[in-house]
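The values are calculated or read from the model by the stated rules, or taken from the named source; none is laboratory data. This is a predicted model, so every value here is computed, not measured. Cβ: placed from backbone, ideal geometry, glycine included. Neighbour counts: every protein chain shown.
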Amino acid sequence: MPRSSFAKVNVVIDTGNPLLDRSVDGFLKIGTVAATRAVAEDAYHIAKRGSIATKDLKKMCKEGAYWGTVAGVYTGMEYGVGRIRGTYDWKNAMIAGALTGGLASAVTNGNKDKIVMDALTGGAVATAAEFINYLT
């Protein structure tokens with residue numbers, strides 16, 4: 001069961017399904033980071049106007065939902081690949097990263113070359129993150 005801790009607030013996700021638990025946990029973690037990034041990016045404009053516009057809130061929600069969804073798909077795929085393969089190693093991250101990168105690109109872009117490049121990038125980034133995680 002995934003556990004998240006932020007500012008001394010512990011959140012436990014337990015839906016009864018490990019795949020869904022990991023997906024929801026990834027969505028919440030990365031979605032929060034993406035929404036915070038959008039706030040930080042627009043902080044100057046918000047301060048200059050003196051108020052938050054509806055478009056600012058929409059952008060925060062859209063960024064959070066997009067990146068949260070990508071993270072949820074990735075963590076779910078990594079877990080699923082591990083279950084299928086019967087082992088948990090860096091190859092799961094590579095496969096899940098490639099599938100997630102290709103899927104996210106296919107949803108937002110119809111260019112086949114871009115989909116392949118995004119799949120390769122997703123696999124490479126996920127593999128690199130996994131190796132860095134092993135080093136620390």
Among residues of the stretch 40-81, those that are of a type in the set (G, A, S) and farther than 26 Å from R22 by Cα, counted: 6
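Out of the residues in the stretch 11-32 meeting the condition of being aliphatic (A, V, I, L, M) and either closer than 17 Å to M77 by Cβ or surrounded by 15 or more Cβ atoms within 10 Å (Cβ to Cβ) (or both), tell me which one is modelled with the lowest pLDDT. Break it down into steps so the answer makes sense when it comes.
As a first pass, look at the stretch 11-32 and keep what is aliphatic (A, V, I, L, M): 11-13, 19-20, 24, 28, 30.
Cutting the leftovers down to either closer than 17 Å to M77 by Cβ or surrounded by 15 or more Cβ atoms within 10 Å (Cβ to Cβ) (or both) gives us 13, 19-20, 24, 28, 30.
Details: I13: 75, L19: 84, L20: 86, V24: 85, L28: 81, I30: 80.
Residue satisfying both the conditions and the ranking: I13.
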Flag for G72 being in the same structural domain as V33 (by TED's automatic domain parsing) and surrounded by 20 or more Cβ atoms within 10 Å (Cβ to Cβ): yes
Options A119, A65, A124, A98; residue that is surrounded by fewer than 20 Cβ atoms within 10 Å (Cβ to Cβ), under 16 Å from the mean Cα position of the chain (by Cα) and outside the structural domain of G31 (by TED's automatic domain parsing): A124
Residue in the stretch 53-73 that is out of contact with any Ser or Thr (no Cβ under 9 Å at 6 or more places or on another chain), of a type in the set (A, V, I, L, M, F, W, C) and over 22 Å from V11 (Cα atoms) present: yes
Checklist (1) at pLDDT 75 or above; (2) surrounded by 13 or more Cβ atoms within 10 Å (Cβ to Cβ) applied to D56, failing item: (1)
